[in-house]
There are 2 protein chains.
Amino acid sequence: MSRKTFQRLTLDERKRTLLEATLTCVAQQGLKGATVRRIAEEAGVTAGLVRHYFGSKNGLITSAYAYLIGQLTAEADTRARQSTGDANDQLRHFLIANMTMPNLSEEKVSLWATFIGRVRYETDFADIHREGYRDYLTLLESLIEPVLAAHGRPHGSAECRRHAIAVNGLIDGLWMEGSLNSGLYSRNILPDLVTGACERLLRLQEGSLSGGKQHT
Amino acid sequence: MSRKTFQRLTLDERKRTLLEATLTCVAQQGLKGATVRRIAEEAGVTAGLVRHYFGSKNGLITSAYAYLIGQLTAEADTRARQSTGDANDQLRHFLIANMTMPNLSEEKVSLWATFIGRVRYETDFADIHREGYRDYLTLLESLIEPVLAAHGRPHGSAECRRHAIAVNGLIDGLWMEGSLNSGLYSRNILPDLVTGACERLLRLQEGSLSGGKQHT
DNA sequence: ATTCTTGTTATACAATTGTATAAAAAATTG
DNA sequence: CAATTTTTTATACAATTGTATAACAAGAAT
């Protein structure tokens, strides 16, 4: 009876391995299927490591939620910054980043929803949600402000905040329903749809975000 | 050792009791806390009844999801129909119904999110989601069409569908973030915010939905 | 009243869960 | 190469879970 051979990893590598295994498990079968044993197997280790690195299963799950939120925001942020164009172009890229892969994915939305369901009764989750939401809103606000300015529209702090809340709602809703995609429409319409809708929300000139390829 | 005294209820009464107990439990502690025993206790019965009425725990949970979706849509639908005013007024009431109690509640959103997290990997949940979404979208479309017509704007089938998708996204997103309310803004701003945003999405005259009390 | 049906309780059980603890092996240090 | 550290495995255990089954009791039928 020889023991399993193994390799020691650095703290960060091992943690990331476990976090990603956790997300994989939760995405596949929900929290019910994400047992310590299954997660460990998915990560290629044994169950004891969870305690070693995260203290408890709950510590692992909580960290996995924060990890996911970080991924989502980072992706949209990066895509916006990669744009070399003007303010319109940056906002456009940000919007589209949320309506295309990898962010627009059934797996990501499933994970997100599963975790959101715990925000109400677990303070750890509530904290992560609040911070993530605040960051996202701030980022969106900072993208909207110069766009409004460039269009010669009012762009005070209160206005931007209000617009950011509405646009964020639009993004969240479309992201969710679009990812779960009930087969009622094609996902391909989402990028145009979100840019067009955002133009209207901000009362921009038609085509300023969608590049003139806009319907209706 | 005397047994628990009990009262026999009709099939519908008992089912509803169990469904509501289920939602209460899931809202309080998520699916993990919604054990057959806890649900039964909440309903004032013993665990065996779950099997008797719903076949299995999964049958109960699935039915509870359908029950919740029905409640949400019915409330918005009713509020829209209660309006005695014109098309604008009906759409306005529909929107507001989603931004006020009882639909705008942390409990309802928590429940909804928890269930949505299972849509991806359980066909029963996927079916319920798809149907509920389709119904909701159809209802919204039927409210939008006469509004566009009254404003002399294009109101073909494709246009209405497209608008309904966007408006639905807006509602979903605001409903969710507003209900979870991270303390970043007051819920009181949501009714005005959603009507104002919807006006813009549909490119209506300012104040047509919000009754002129609109900001920005 | 008595019988009959079936809604309801009570109990049992195998399976699974999270976690605590001890043993082993890998890498680091001297 | 020997000693040390600490990552990792392996095992054990109490608690909880969903469900199956049998006993019981409430209300309807006769």
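Across the range B:62-216, counting alpha-carbon atoms alone, Rg and Dmax equal 15.5, 46 Å. Expressed as a whole percent, the accessible area of chain B that falls on carbon and sulfur atoms is 48 (1.4 Å probe). Placing +1 on the Cβ of every Lys and Arg and -1 on the Cβ of every Asp and Glu, with no other charges, gives the range A:9-55 a dipole of roughly 180 debye about its Cα centre.
Residue by residue, the range B:68-74 carries 3J(HN,Hα) couplings of 5, 4, x, 4, 4, 5, 4 Hz when phi is fed to the Karplus relation 6.51 cos²θ - 1.76 cosθ + 1.60 (θ = phi - 60°); x denotes Gly or Pro. Among B:Thr138, B:Thr123, B:Thr195, which one shows the biggest mean-square fluctuation in a GNM of chain B, springs joining Cα atoms closer than 10 Å? Judging by the Gaussian network model, the answer is B:Thr123.
Summing both sides, how much accessible area is buried between A and B? Use a 1.4 Å probe and give Å² to the nearest 100.
4900
According to the calculation over all Cα-Cα pairs in the protein assembly as shown, the P(r) per 20 Å bin from zero is 25, 53, 20, 2, 0 %.
Across peptide B:117-127, the mean count of Cβ atoms from other chains lying within 10 Å of each residue's own Cβ comes to 5. Comparing Cα centroids, the range A:78-100 and the range A:45-62 end up 37 angstrom apart.
For the rotation carrying B onto A, the chain B residue whose Cβ lies nearest the axis, with the distance in whole Å, reads B:Gly173, 2. In this structure the range B:65-202 gives 34 Å² per residue of accessible area when probed at 1.4 Å with all protein chains present. Rounded to the nearest whole Hz, the Karplus-based 3J(HN,Hα) values (6.51 cos²θ - 1.76 cosθ + 1.60, θ = phi - 60°) of the range B:128-143 follow the sequence 5, 4, 4, 5, x, 5, 4, 4, 4, 5, 4, 4, 4, 4, 5, 7, with x at glycine and proline.
Straight-line cross-link partners of A:Lys57 among the lysines, defined as a Cα under 20 Å from its Cα and at least 8 positions apart when in the same chain: A:Lys15, A:Lys32, B:Lys32. Of all aspartates and glutamates in the structure, those lying under 17 Å Cα to Cα from A:Lys4, and not within fewer than 8 positions of it along the same chain, are A:Glu41, A:Glu42. Computed from backbone phi with θ = phi - 60° and the Karplus coefficients 6.51, -1.76 and 1.60, the 3J(HN,Hα) list for the range B:167-180 is 5, 4, x, 4, 4, 4, x, 5, 4, 5, 5, x, 5, 5 Hz; x is used for glycine and proline. Could you give the nm distance between label points at A:Arg130 and B:Leu184, where each point is 7 Å from its Cα heading toward the beta carbon? Inter-label distance under the simple model: 1.3 nm.
Report the convex hull volume per residue for the range B:7-55, counting only C-alpha atoms, in Å³.
About 63 Å³ per residue, rounded to a whole number.
The values are calculated or read from the model by the stated rules, or taken from the named source; none is laboratory data. All figures in this text were calculated on a predicted structure; none of them were measured in a lab. Don't worry about glycine lacking a Cβ; one is built from the backbone with ideal geometry, like all the others, and counts go over all protein chains shown. Quick note on the areas: whole protein, heavy atoms, side chains included, nothing else; ligands and nucleic acids left out. Shrake-Rupley method; radii C 1.70, N 1.55, O 1.52, S 1.80 Å.
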